[in-house]
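What follows is a short report on a single structure.
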Amino acid sequence: MTGQRIAARAAACAAVAALALTTGTPADADDDFESLPAQQIADRSREALLGTRSLHLRAEGDLGEGRAPMTIDLSLDRSGNCAGDIDLGKGKGTVEIVKRGDDVWIKPDADFWENQVPIGGETFESILDGRYMKGEVSDSRLRPVVSACDLDTFRELVTDNADAAGTLTKGEVTTVDGVRAVPVTRTDDSRRTTTAYVDAEGEHHPVRITLRGDGADAAVDLSDFDKPVPTATPSPDETVDVSALLGRTSAPS
């Protein structure tokens, strides 16, 4: 199903955040955070991100490697709840996503059906008539959406990419959306740079991460750390069971 591939690409885009963070032992508390070396700032940032219970993520741009520019706007938590949307860019379609507990709602727009499902998409759009498809986390066809909505998925990406190779440098203190931040940049062998802008105060979360070079030009903004994911879900009148569209599937054993 095309929606599965879209969700998988969303998770791949969020991996931008993981690549900026490094492994190591966190530094002891230090009032003069801005004077710490790049490695210790990166370690603090990584630990803060791994420790958060929920956040809001907005990623947009081109990751290179043949991926088309897209925008992801999601609030998500470690319980697997999420709400937001994925815009495929250039009129290719937008998908709204809501996940709460064991239930998942997905609402593709008309551009999505036209561009991503050229055969049969118009029929699906007509049946849905502006409503959400609703399924359960046990439905294998929705598994990529379930994974993309879980903050633990992104925490695993951080851990899996903790040993990313490259040279780490610290830049001049700057401001990102009103937050005083210290930029830490990793440059790999292909001259691609990944920069994490780390909050100079509080828990030292990364508030923005950029990826530049080798065909990539993308940014990830992180905010609303530990704030609850919106709890509103579509009403029954706004939903169509995914099985009514795609048929039933067996739950994984």
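The Cα atoms of segment 51-123 define a convex hull whose projected area, averaged across directions, is 6.2 nm². Can you give the FRET efficiency for E238 and T175, using 1/(1 + (r/R0)^6), R0 = 45 Å, r = Cβ-Cβ distance, to the nearest 0.05? Efficiency at R0 = 45 Å is approximately 0.65. If you plug the beta carbon distance of E96 and K227 into 1/(1 + (r/R0)^6) with R0 = 22 Å, you get a FRET efficiency near 0.65. For R78, nonlocal amide neighbours, meaning residues 5 or more places apart or on other chains whose placed amide H falls under 5 Å from its own, are L151. Ordering A110, S126, C149 by the projection of their Cα atoms onto the charge dipole of segment 78-174, which places +1 on the Cβ of Lys and Arg and -1 on the Cβ of Asp and Glu, puts C149 at the extreme positive end.
Listed by chain and number, the aspartates and glutamates whose alpha-carbon sits under 13 Å from that of K92, ignoring those within fewer than 8 places in the same chain, are D109, D111, E114.
For the pair S35 and D111, what calculated FRET efficiency results from E = 1/(1 + (r/R0)^6), where r is the Cβ-Cβ distance and R0 = 45 Å, to the nearest 0.05?
Numbers: r = 49 Å, r/R0 = 1.10.
FRET efficiency, D111 to S35: 0.35.
Using a simple spin-label model with pseudo-atoms 7 Å out from Cα toward Cβ, D85 and T187 lie 3.9 nm apart.
Ordering 133-146, 212-225 by mean Cβ neighbour count within 10 Å, with the highest value first, yields 133-146, 212-225. Shown are S35, S75, whose ranking by accessible area with a 1.4 Å probe and every protein chain present, most to least, is S35, S75. The mean accessible area for residues of segment 175-223, using a 1.4 Å probe and ignoring ligands and nucleic acids, is 44 Å² per residue.
Please work out how much length the chain gains when fully extended from L245 to T123, using 0.36 nm per residue of separation minus the C-alpha to C-alpha distance, in nm with one decimal. Numbers along the way, then the final one.
Details: separation 122, 0.36 × 122 = 43.92 nm, distance 0.97 nm.
Answer, rounded to one decimal: 43.0 nm.
With the largest listed first and rounded to whole Å, the semi-axes of the equivalent ellipsoid of segment 103-230 from the Cα gyration tensor are 37, 19, 16. Computed from point charges on the beta carbon alone (+1 for Lys and Arg, -1 for Asp and Glu), the dipole magnitude for segment 31-151 about its Cα centre is near 300 Debye.
Quick check: with the 1.4 Å probe, what order do S79, S190 take by accessible area, largest first? Kindly include the intermediate steps, with their values, before the conclusion.
Details: S79 85, S190 60 Å².
These residues rank, largest area first, as S79, S190.
Note on D85: accessible area is roughly 50 Å² with a 1.4 Å probe, heavy atoms of protein only. Once C-alpha pairs closer than 8 Å and six or more residues apart are averaged by separation and normalised to the residue number of segment 129-241, the relative contact order reads 21 percent.
The values are calculated or read from the model by the stated rules, or taken from the named source; none is laboratory data. Remember, it's a predicted structure, so these values are computed and weren't measured experimentally. Quick reminder, even Gly has a Cβ in these numbers, built from the backbone with ideal geometry, and neighbours come from all protein chains shown. Accessible surface is based on the protein model in full, side chains and every heavy atom, while ligands, DNA and RNA are left aside. Shrake-Rupley method; radii C 1.70, N 1.55, O 1.52, S 1.80 Å.
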